[in-house]
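Report on the structure given below.
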Ligand SMILES: [Zn+2]
């Protein structure tokens, strides 16, 4: 086990991919969900990393656009004819646990045992995938922060791909566009996006999880805010007069089907989830999210929530306003309508002998936003595990496999 810089010299002289990754995770880019939506990017460190990537893209020989959208775009000119293809990753990290001041630790060769960090033990019993990388190179944080493989592994893989394509002119490829977005973890990454620059109709996001997994669709998602106006009076004189807003909110949360909650569902089942509740007898607010892989299923859930809200208003005599907004859409249909996207990916995988597992992700990706603009965006693994947590880890070998795959996609291997 080696700590701190220049750790990669001890581990793998050859791996500039590892060097890139360690460089990127050391920059503080935790996004701030309270600021996102009013300030873009929500934290200044994201801009620092964008500027670093901008310089690196220029050094590689890409044309670069970094405009008011705060999305960094680079394009490497192709050396063959053919439709441009695009790749995308996000530079911010989640704020579920501390995400700044990351000190990456490289475990190489990884001995196949539990990994003991500051206050956190990454157990092989809970992480059987770790054993695939015994003898290889596993990277964790110190245990005090997340690591940031979501999605700096994706950023490093894309940058390394460009560097290889640019330095070896014998590799055939069409125009390659790359996009780095801010504030993905806050849901604001594509609030504005330079769609007019995008020539590609397929944009592979490199923001997935374990080795070999390709996400070909995601949830349809809505967010609901329920505002309740009650009538507060002295509890001792409340009989027949008080109309309790907080009780109304609690009733609505309780009335959601328990068997259709996040904790009771998996696979392709959707859910209702209460996320926050606050208020008093006078006024209360309840926030929920709704998820379903089918659009009709999501519409049904929205209807059920409206019906429950109406019933609660009648029972408690309060005024209930239920506002529902669509958050993102399943990109499955857009991917299916561009058969070329998955054909190119499957051909690339088989050309490097990689078995892939195509699945629907129980969440959203930037691809879900691109889908609404008709751009197909399957999501490629990076190798990251236990994302958004202190026990996050990634194996260098899985990042290298992802790099091999994006290179084969760029080449258009048959
Ligand atoms: Zn991500």
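The values are calculated or read from the model by the stated rules, or taken from the named source; none is laboratory data. This structure is a prediction, so every number in the text was calculated from the model and none was measured. No Cβ is skipped: glycine too gets one built from the backbone with ideal geometry, and neighbour counts run over all protein chains shown.
Which numbered condition in (1) touching a strand residue (DSSP E or B) at 6+ places or on another chain (Cβ under 9 Å); (2) farther than 24 Å from residue 181 by Cα is the only one that residue 355 fails?
(1)
What number of residues within the stretch 322-333 satisfy the criterion of being surrounded by 12 or more Cβ atoms within 10 Å (Cβ to Cβ) and not in a helix (DSSP H, G or I)?
To start, the set of residues in the stretch 322-333 that are surrounded by 12 or more Cβ atoms within 10 Å (Cβ to Cβ) comprises 322, 324, 326-333.
Filter again for not in a helix (DSSP H, G or I), leaving 322, 324, 326-331.
Within the stretch 322-333, residues that are surrounded by 12 or more Cβ atoms within 10 Å (Cβ to Cβ) and not in a helix (DSSP H, G or I) number 8.
Residue 291: assigned by TED's automatic domain parsing to the domain that holds residue 192 and in contact with a strand residue (DSSP E or B) (Cβ under 9 Å, 6 or more places away or on another chain), yes or no?
Values: assigned by TED's automatic domain parsing to the domain that holds residue 192: no; in contact with a strand residue (DSSP E or B) (Cβ under 9 Å, 6 or more places away or on another chain): yes.
Considered against the rule, which asks whether it is assigned by TED's automatic domain parsing to the domain that holds residue 192 and in contact with a strand residue (DSSP E or B) (Cβ under 9 Å, 6 or more places away or on another chain), residue 291 comes out as no.
Matching residues to (1) within 16 Å of the ligand (Cβ to nearest atom); (2) over 27 Å from residue 48 (Cβ atoms):
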residue: 89; (1), (2): yes, no
residue: 94; (1), (2): yes, no
residue: 134; (1), (2): no, yes
residue: 140; (1), (2): no, no
residue: 144; (1), (2): no, no
residue: 148; (1), (2): yes, no
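Find the residue count for the stretch 190-248, including only residues that are within 16 Å of the ligand (Cβ to nearest atom) and farther than 27 Å from residue 328 by Cβ.
0
Criterion first (within 20 Å of the chain's Cα centre (by Cα), part of a loop (DSSP other than H, G, I, E, B) and crowded, with 18+ Cβ neighbours inside 10 Å) does residue 390 satisfy it? Before you say what the answer is, go through the steps one by one.
Values: within 20 Å of the chain's Cα centre (by Cα): yes; part of a loop (DSSP other than H, G, I, E, B): yes; crowded, with 18+ Cβ neighbours inside 10 Å: yes.
Yes.
Quick check on the stretch 293-316. Is at least one of its residues in a strand (DSSP E or B), surrounded by 18 or more Cβ atoms within 10 Å (Cβ to Cβ) and modelled with pLDDT of 95 or more? Give the derivation first.
Start the filter on the stretch 293-316 by keeping residues that are in a strand (DSSP E or B), which leaves none.
Within the stretch 293-316, not a single residue is in a strand (DSSP E or B), surrounded by 18 or more Cβ atoms within 10 Å (Cβ to Cβ) and modelled with pLDDT of 95 or more.
Would you check which residues across the stretch 250-273 are under 19 Å from the mean Cα position of the chain (by Cα) and not in a loop (DSSP other than H, G, I, E, B) and list them? Write out each step before concluding.
Filtering the stretch 250-273 for residues under 19 Å from the mean Cα position of the chain (by Cα) gives 262, 266-268, 270.
262 - this is the single residue of the stretch 250-273 that is under 19 Å from the mean Cα position of the chain (by Cα) and not in a loop (DSSP other than H, G, I, E, B).
Counting only residues that are away from the ligand (no atom under 16 Å from the Cβ) and either part of a helix (DSSP H, G or I) or under 17 Å from the mean Cα position of the chain (by Cα) (or both), how many does the stretch 361-377 have?
To start, the set of residues in the stretch 361-377 that are away from the ligand (no atom under 16 Å from the Cβ) comprises 371-376.
Add one more test, that the residue is either part of a helix (DSSP H, G or I) or under 17 Å from the mean Cα position of the chain (by Cα) (or both), and what stays is 371, 376.
Qualifying residue count for the region: 2.
Looking only at the stretch 96-127, count every residue that is over 27 Å from residue 406 (Cα atoms) and more than 16 Å from the ligand (Cβ to nearest atom) and tell me the total.
Result for the stretch 96-127: 20.
Go through the stretch 6-107 and tell me which helices (runs of 4 or more DSSP H), entirely inside it, have 2 or more residues that are touching a strand residue (DSSP E or B) at 6+ places or on another chain (Cβ under 6 Å) and touching a residue at least 60 places away in the same chain (Cβ under 8 Å). Give the derivation first.
Values: elements: 7-11, 16-25, 44-60.
Of the helices (runs of 4 or more DSSP H) lying wholly inside the stretch 6-107, those with at least 2 residues that are touching a strand residue (DSSP E or B) at 6+ places or on another chain (Cβ under 6 Å) and touching a residue at least 60 places away in the same chain (Cβ under 8 Å) span 7-11, 44-60.
Mind listing whichever residues of the stretch 361-383 are surrounded by 16 or more Cβ atoms within 10 Å (Cβ to Cβ) and either touching a helix residue (DSSP H, G or I) at 6+ places or on another chain (Cβ under 7 Å) or at pLDDT 95 or above (or both)?
Here is the first cut: in the stretch 361-383, the residues surrounded by 16 or more Cβ atoms within 10 Å (Cβ to Cβ) are 361-362, 364-371, 375-383.
If the condition is that a residue be surrounded by 16 or more Cβ atoms within 10 Å (Cβ to Cβ) and either touching a helix residue (DSSP H, G or I) at 6+ places or on another chain (Cβ under 7 Å) or at pLDDT 95 or above (or both), then 371, 375, 376, 377, 378, 379, 380, 381, 382, 383 are the ones that fit.
In the stretch 117-147, what residues are free of Cβ contacts under 8 Å to residues at least 24 places away in the same chain and part of a helix (DSSP H, G or I)?
Within the stretch 117-147, 128, 131 qualify.
So the check is Cβ under 7 Å with 6+ separation or different chains; which pairs have a first residue in the stretch 223-250 that's in the same structural domain as residue 314 (by TED's automatic domain parsing) and at positive phi and a second one that's surrounded by 22 or more Cβ atoms within 10 Å (Cβ to Cβ) and at pLDDT 95 or above?
Between residues of the stretch 223-250 that are in the same structural domain as residue 314 (by TED's automatic domain parsing) and at positive phi and residues that are surrounded by 22 or more Cβ atoms within 10 Å (Cβ to Cβ) and at pLDDT 95 or above, there is no close pair.
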